[in-house]
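Just so it is clear, none of the values below were taken in a lab; they were calculated from the coordinates. These numbers were taken from a predicted model, which means no experiment stands behind them. Quick reminder, even Gly has a Cβ in these numbers, built from the backbone with ideal geometry, and neighbours come from all protein chains shown.
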Amino acid sequence: MGAELPVSKISWSVGVAGAVACALFWTGCSDIGAKKSAEVQEKPAAAGKPAQFNLDAAVGKSAPAFSLKDADGQTVHFADYRGKVVLLDFWATWCGPCKVEIPWFMDFEKEFKDRGFAVLGVSMDEDGWKAIKPYMQNMKMNYRVLLGDDDVSTAYGGLDSLPTTLLIDRQGRIASVHVGITMGKKEFEDAISKLLSEPVTNASVTGHLDGSLARLRSPNGR
């Protein structure tokens, strides 16, 4: 038989593992082994091309436009939501923290939809609708879900982290960015109410971006 570890060392190891698991759950879905090189962090835009959209500096800017298919195969244009307050959530079926937030967003859709508010969920699942539709049915999701692609990921800065949730005002400007679970249901609700109460032509902008980013990786190794 091999040497046995002292009970104190076993307890310490279990405690550390538990703390790491808890941190990963609340900050988002992650790949701890992913490395950030200086080249990736500071890579300049190619000559003649616009700089990549940066979520760290997104507040106050217009949300990038996109056109994506919904569960019924209809093309949805983000521009069609101009004039509404929008909660735009990038998520995936394999993302634990996303599952925590989805029931909140369902409640917001029910509570605020008649006041010019909409939730848009953009799934980044590699397996597409065959993974998304059963999940939607199981969760009884009541808001519009779209299938994301590489173009929308690039448009929103790469989406290295899930969930990534943006609150967008009636003018189409990004009011706040939330990477991982950065605030509770009541705080989201208050932020939505504030945006809905602002005049359509004079919506102010506030922002929040969690500093800890979780890497976007599915169990399949995406």
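What is the sum of charges around residue 75, taking Lys and Arg as +1, Asp and Glu as -1, for the other residues whose C-beta is under 15 Å from the C-beta of residue 75? Please report the intermediate quantities before stating the final value.
Details: positive: 69, 144; negative: 70, 72, 80, 149, 151.
Local charge sum for residue 75: -3.
Please list 3J(HN,Hα) in residue order for the range 79-88, calculated via the Karplus relation 6.51 cos²θ - 1.76 cosθ + 1.60 where θ = phi - 60°; whole Hz, with x for glycine and proline.
Once rounded to whole Hz, the list reads 4, 5, 9, 4, x, 10, 7, 10, 9, 9.
For the range 55-197, what mean projected area does the convex hull of the alpha carbons give, in nm²?
Working: hull surface 30.7 nm².
Spelled out: convex hull of the Cα atoms, projected over all directions, averaged, 7.7 nm².
Of the listed peptides 89-101, 63-75, what is their order by residue-averaged count of other C-beta atoms within 10 Å, with the highest listed first? Working shown, then result.
Details: 89-101: 20.8, 63-75: 14.0.
Ranking, from highest mean packing down: 89-101, 63-75.
Projected onto the charge dipole of the range 55-197 (+1 at Lys/Arg Cβ, -1 at Asp/Glu Cβ, origin at the Cα centre), which of 57, 152, 119 gives the Cα projection farthest towards the positive end?
119
Would you mind checking the pairs 69/186; 113/185; 130/194; 110/133 and listing those with alpha carbons more than 27 angstrom apart? All intermediate terms of the calculation are to be shown ahead of the outcome.
Numbers: 69/186 31 Å; 113/185 17 Å; 130/194 37 Å; 110/133 20 Å.
Beyond 27 Å between Cα atoms: 69/186; 130/194.
Using each residue's phi in the range 117-124, evaluate 6.51 cos²θ - 1.76 cosθ + 1.60 at θ = phi - 60° and report the 3J(HN,Hα) Karplus result to the nearest Hz, with x for Gly and Pro.
Karplus-based 3J(HN,Hα) across the range 117-124 equals 10, 8, 9, 10, x, 10, 7, 9 Hz.
Do you know the relative contact order of the range 55-197, to the nearest whole percent, from alpha carbon pairs under 8 angstrom that are 6+ apart? If you can, show how the numbers build up before the last one.
Values: 230 pairs, mean separation 49.2, N = 143.
Across the range 55-197, relative contact order equals 34 percent.
Taking H as built 1.01 Å from N, whose amide H comes closer than 5 Å to the amide H of residue 122, not counting residues under 5 places away?
The answer is 89, 90, 91, 146.
For the range 158-167, just list the computed ³J(HN,Hα) in residue order, Karplus coefficients 6.51, -1.76 and 1.60, θ = phi - 60°, integers in Hz, with x standing in for Gly and Pro.
These are the phi-based 3J(HN,Hα) values: x, 6, 6, 9, 10, x, 10, 10, 10, 9 Hz.
Treating the beta-carbon of each Lys and Arg as +1 and of each Asp and Glu as -1, no other charges, what is the dipole magnitude of the range 55-197 about its Cα centre, to the nearest 20 debye?
Working: 17 positive and 21 negative charges, 99 e Å.
The dipole of the range 55-197 has a size of about 480 debye.
What fraction of the DSSP beta bridges in the range 55-197 is antiparallel, stated in percent and rounded to the nearest 5? Write out the running numbers ahead of the final one.
Working: 15 of 26 bridges.
The answer is about 60 percent antiparallel.
What are the residues whose amide H is under 5 Å from the amide H of residue 61, where those residues sit 5 or more places off or on another chain and H is modelled from the backbone?
Residues meeting the criterion, in which the H sits 1.01 Å from N, are 174.
Could you list which residues have their amide H under 5 Å from that of residue 116, counting only those 5 or more apart in sequence or on another chain, with H placed in the peptide plane?
none
State the extension gain, in nm to one decimal, for the chain segment bounded by residue 74 and residue 131, taking 0.36 nm per residue of separation less the distance between their alpha-carbons.
The span from residue 74 to residue 131 would gain 18.7 nm if fully extended.
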